[in-house]
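Below is one structure, written out as structure tokens; comments come after it.
The values are calculated or read from the model by the stated rules, or taken from the named source; none is laboratory data. This is a predicted model, so every value here is computed, not measured. Please note: Cβ atoms are built from the backbone with ideal geometry, for glycine as well, and neighbour counts cover all protein chains shown.
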Amino acid sequence: MIRLLAALLGWIAAAGLAAEPAAAHTRSETHSAWQIAGTAVHMQFTVPDLEAKRITANGEMPASEELGAYIAAHVGAASGAAECPRTEGPRALAATPGYRRYEFAFTCPAAEDISVHSSAWFELVESHTNFAQIQDDKGLFVEQLITKDHQQLDLESATGGPLQDAGFLEFLSMGLMHIFTGIDHMSFMLGFVLISRRLRDLLFAVTGFTIGHSLTLGLAVTGILRPEAQFIDALVALTIALIGAENIGDSTHRPLPPALGLGGVLIAFALAKNFGAPVTLPTLILVGGALFAASYMMMTGHMRDAGRVRLIVTLVFGLIHGFGFASNLLAERLPKDRLAELLFGFNLGVELGQVTVVLAALLIARLLVRLRLAMPRPLFTDLAASFLVGEGLFWFVGRSIGAG
């Protein structure tokens, strides 16, 4: 138990070091700050080094002039239907280590209906996001996302959105649909059902998971903490593989093979990253995850009170999934004056979705038993758990390998 908690705390610390405040970049992310004063539009564009390397064929860091020219060709402002000519830039500015920053200026033919746009990086990464801030000389300030499907912003449209007048039930429905349409989250919940031989164990697991994801959902949506989204996507997939491997170790009473297997995969990724492979997860998280996975797997089937220990572990898993839930909300235009209502409604919807998935799985299992159509539990558990391991590792590999 002590060894598990030590490894667990180490992994949490490693993940925490990779997470930054709200300014941290997501899966593929850049930042832009636009200031509109009359007909003048000034903009600063900030690019993480990881994104800068994407524009070169060999994945090397481009020259400052090359990166500036690429941004200049993909950003701009417009007044109505008329494009605003670029009058200054790209001019390189000082930036924090790991980032490049450029300044631009545009002069519009009129001061009405001014909009800004960016198509940068969308041809390289379809899921790319630009976090844009727009401010005018009247003091109006908005933050909005520029995505592949929404590349143009203006102050009038950015201050409103489909959720501005949404009611509590709509927020609740969003949470429900996030579970019902999220195959990875549903797979993880089904892993709970497999590993829990008693209702008490299932309640411990679901309670820990609920506490964890409720905490990080609130932290992410309010902007207190927003880690690298691609790290979260990969770690969500890893939790699925972990819950599947735990089922296999528990049913076979041979925890060593899954411990070596999962730990070995993560160590292999850490080594590959240090030899230049395009692995996006930091080495610290990979090594920490390997130690945690191996330690937890080795305890499988040998815990005196597995339910209580699993509450702690699923709480950590919930912390990871909570950031995944938050990505669904962060893609929307959130009414900041209603964040408490939004979070409560969305989180309640997530809980109802989880309970529905778990109850449906239990009812189907009971029905199959009554109809004598169920296969022996050990065989079914091994087959289902093997599927979860394969599914989780498939997603983990896909989400851990970055472009060039």
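Miscellaneous remarks
- Of the candidates 234, 220, the single residue that is in a helix (DSSP H, G or I) and in contact with a Gly (Cβ under 8 Å, 6 or more places away or on another chain) is 220.
- Filter result for residue 225 (touching a residue at least 40 places away in the same chain (Cβ under 8 Å), in the same structural domain as residue 297 (by TED's automatic domain parsing) and not in a helix (DSSP H, G or I)): yes
- Beta carbons closer than 8 Å, at least 6 apart along the sequence or on distinct chains, pair a first residue in the stretch 195-218 that is in contact (Cβ under 8 Å) with a residue 60 or more places away in the chain with a second that is acidic (Asp, Glu) for 195/201; 195/246; 195/250; 210/351.
- Output for the stretch 135-150, where each listed residue is in a strand (DSSP E or B) and over 15 Å from residue 38 (Cβ atoms): 141, 142, 143, 144, 145, 146, 147, 150
- Some residue of the stretch 28-42 being farther than 23 Å from residue 141 by Cβ and assigned to a loop (DSSP other than H, G, I, E, B): yes
- When each of 140, 176, 199, 190 is tested for being assigned by TED's automatic domain parsing to the domain that holds residue 314, modelled with pLDDT under 80 and of a type outside the set (Val, Ile, Thr), the lone residue that passes is 199.
- In the stretch 394-403, residue modelled with the highest pLDDT [restricted to those that are surrounded by 18 or more Cβ atoms within 10 Å (Cβ to Cβ) and in contact with a Leu (Cβ under 8 Å, 6 or more places away or on another chain)]: 396
- Counting the residues of the stretch 243-264 that are among the aliphatic types (A, V, I, L, M) and either under 15 Å from residue 281 (Cβ atoms) or touching a Leu at 6+ places or on another chain (Cβ under 7 Å) (or both) gives 3.
- Just one of (1) at pLDDT below 85; (2) of a type outside the set (Val, Ile, Thr); (3) closer than 30 Å to residue 61 by Cβ fails for residue 342. It is (3).
- The one condition from (1) touching a Ser or Thr at 6+ places or on another chain (Cβ under 8 Å); (2) within 30 Å of residue 30 (Cβ to Cβ); (3) modelled with pLDDT under 80 that residue 232 does not meet is (3).
- Per-region count, the stretch 80-102, residues in a strand (DSSP E or B) and over 18 Å from residue 51 (Cβ atoms): 8
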